[in-house]
Amino acid sequence: MYMPCPIYIVGARGKQYATMPPAGRVEALDARAGQAAMAMQTSCINLTQAAPHVQLFRIDGHSATQEKMAVPIASCRVSVGGYDWQIDYYPNYQYWGESWIRLGFTLASDGAAPCVQATFRCRLVDQSGVLKPSTEKTLSWTFGNGLTKYVDFMARRDVDASGYVQQDDSILLECAITVLLDAAAAAAAAAASISAIAVPPSDLQRHLGEMLRSQKGADVTFLVSGESVAAQDSERIEIKDMEAEVFKTLLHFIYTDTLPEQDEEDARTMA
């Protein structure tokens, strides 16, 4: 319901007067407000496009990795939004006198746009499914090619006490990557997704052959050497001077682009 507000009018000497709009005006505004609300509920325009990707990393021998100091012990590359991203895992980064797990994210695409906006959200996941995922650590940045940004994910003592370390001394790290696409990257990503769709091979010939064998939907009959042969058309046609088996073989070839299997007697008939 539109609620009328007073209209303030400033007089010639600067004095303000307050008045209320007439009732008819209030009803008209109320109707327009309702129409606007309906329009807001039924229309949606995507102002931006983004490419999301979720990557899981399993770290075996978690307790043994604490001996690695300030160097990444593992790196991998993933492709998101048409760009290559390198992810480095630091198991024992010293931060304020304490050992932390750190992640490094690098835009590693040659010829990448000078400004690529990306967000990285990282959390621990319980492999047994008992615990909920840990609190996320998020990094949002505008990357240039070769630029590396870091996430100081969690102190090692907190990881060890969290319950996410399994009995086999492994942890599972989930990283959700979202890349904001410009117009060119959006088109490339859409083309890549289309090209990635697996198109099954055509089996039209098999279907046509089955249609010929079953005679389902047949609407034309060929009379060949006194034998009726059904096919798809709308009339009855007599074929003279041809054996029925020869004509059936011809129809099979027309429908399936293959020759039917033949025994010696059939071969002599074809000859």
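All of the numbers you see were taken from the coordinates with simple rules; none came from a lab. Values in this document were obtained by computation on a predicted structure and should not be read as measured data. Please note: Cβ atoms are built from the backbone with ideal geometry, for glycine as well, and neighbour counts cover all protein chains shown.
Estimated from the Cβ-Cβ distance and a Förster radius of 41 angstrom, the FRET efficiency linking ASP110 and VAL54 is about 0.95. Applying 1/(1 + (r/R0)^6) with r as the Cβ-Cβ distance of GLU67 and TYR150 and R0 = 22 angstrom yields a FRET efficiency of 0.60. Going by neighbour counts of Cβ atoms within 10 Å, the residues PHE247, PHE143 line up, fewest first, as PHE247, PHE143. Between ILE254 and CYS44, the simple spin-label model (points 7 angstrom out along Cα→Cβ) gives 5.2 nm.
Look at the dipole of segment 49-195 built from charges on Cβ: of GLN86, SER170, LEU139, the Cα furthest out on the positive end belongs to LEU139.
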